[in-house]
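Peer 1: This is the structure I have questions about; it appears just below.
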Amino acid sequence: MANVFKLVTKTGAATSANTAQTIFTATTKTVLLGISVANLLSNTITMDIQMESTTAAPRNNASSVYIGKGIPVPSGAALNALTGKIIMEATDVLKITSSSDNSIDVALSLMEIT
């Protein structure tokens, strides 16, 4: 098995306020290493980071879970929204929602296990 490190970026990731935007869809087993989020606006926003899993039970009890909910991001600030590693299975989806339109840039560091 080979490990491939990748960087996925999205600018203005939450293009529509309070609408979840897909940041990444796993195509193989993937380890999330870091999620950096920057507020592009002049006011504080809140954001949610959510993972949707289509992996069959019994491994997963919920099809959708929050990695972070209602996270405040001050004006012009950036934060690391992931404090540990998270494993994604193929077809799992990472989504982000912001309280304001076109308000955040996202940098996602990951390792795919191929």
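The values are calculated or read from the model by the stated rules, or taken from the named source; none is laboratory data. No experiment lies behind these values; they were computed from the predicted model shown. Note that we place each Cβ from the backbone using ideal geometry, even for glycine, and neighbour counts take in every protein chain shown.
Peer 1: Quick one: residue 83 ticks every box in (1) touching a residue at least 60 places away in the same chain (Cβ under 8 Å); (2) of a type outside the set (Gly, Ala, Ser); (3) more than 17 Å from residue 20 (Cα to Cα); (4) assigned to a loop (DSSP other than H, G, I, E, B) bar one, so which box is it?
Peer 2: Result: residue 83 passes all but (1).
Peer 1: For the stretch 67-91, which positions are closer than 21 Å to residue 31 by Cβ and either among the aromatic types (Phe, Trp, Tyr) or touching an Asp or Glu at 6+ places or on another chain (Cβ under 7 Å) (or both)?
Peer 2: Listed by number, the list holds a single entry, 68.
Peer 1: If you don't mind, there's one more thing I want to ask. Return yes when residue 86 is among the hydrophobic types (A, V, I, L, M, F, W, C) and within 12 Å of the chain's Cα centre (by Cα) and no when it is not.
Peer 2: Criteria met by residue 86.
Peer 1: OK, next. So, of the residues in the stretch 44-74 that are part of a loop (DSSP other than H, G, I, E, B) and modelled with pLDDT of 95 or more, which turns out to be surrounded by the fewest Cβ atoms within 10 Å (Cβ to Cβ)?
Peer 2: Ranking the qualifying residues of the stretch 44-74, first place goes to 74.
Peer 1: Just give me the residues in the stretch 10-25 being within 17 Å of residue 93 (Cβ to Cβ) and either modelled with pLDDT of 95 or more or of a type outside the set (Gly, Ala, Ser) (or both), in sequence order.
Peer 2: Scanning the stretch 10-25 gives 10, 15, 19, 21, 22, 23, 24, 25.
Peer 1: Quick check on the stretch 89-107: of everything there that is over 13 Å from residue 22 (Cβ atoms) and polar (S, T, N, Q), which residue is nearest to the chain's Cα centre (by Cα)?
Peer 2: Among residues in the stretch 89-107 that are over 13 Å from residue 22 (Cβ atoms) and polar (S, T, N, Q), the one nearest to the chain's Cα centre (by Cα) is 98.
Peer 1: Against the conditions (1) buried (at least 16 other Cβ atoms within 10 Å of the Cβ); (2) out of contact with any Ser or Thr (no Cβ under 8 Å at 6 or more places or on another chain); (3) assigned to a loop (DSSP other than H, G, I, E, B), where does residue 41 fall short? Just the number, please.
Peer 2: Against the list (1) buried (at least 16 other Cβ atoms within 10 Å of the Cβ); (2) out of contact with any Ser or Thr (no Cβ under 8 Å at 6 or more places or on another chain); (3) assigned to a loop (DSSP other than H, G, I, E, B), residue 41 comes up short only on (2).
Peer 1: Moving on to the next point. With respect to residue 110, is the statement that it is in a loop (DSSP other than H, G, I, E, B), within 24 Å of residue 12 (Cβ to Cβ) and under 12 Å from the mean Cα position of the chain (by Cα) true?
Peer 2: The answer is no for residue 110.
Peer 1: Report, by residue number, each residue of the stretch 14-38 that is under 21 Å from residue 85 (Cβ atoms) and in a loop (DSSP other than H, G, I, E, B).
Peer 2: Passing the criteria: 26, 27, 28, 29.
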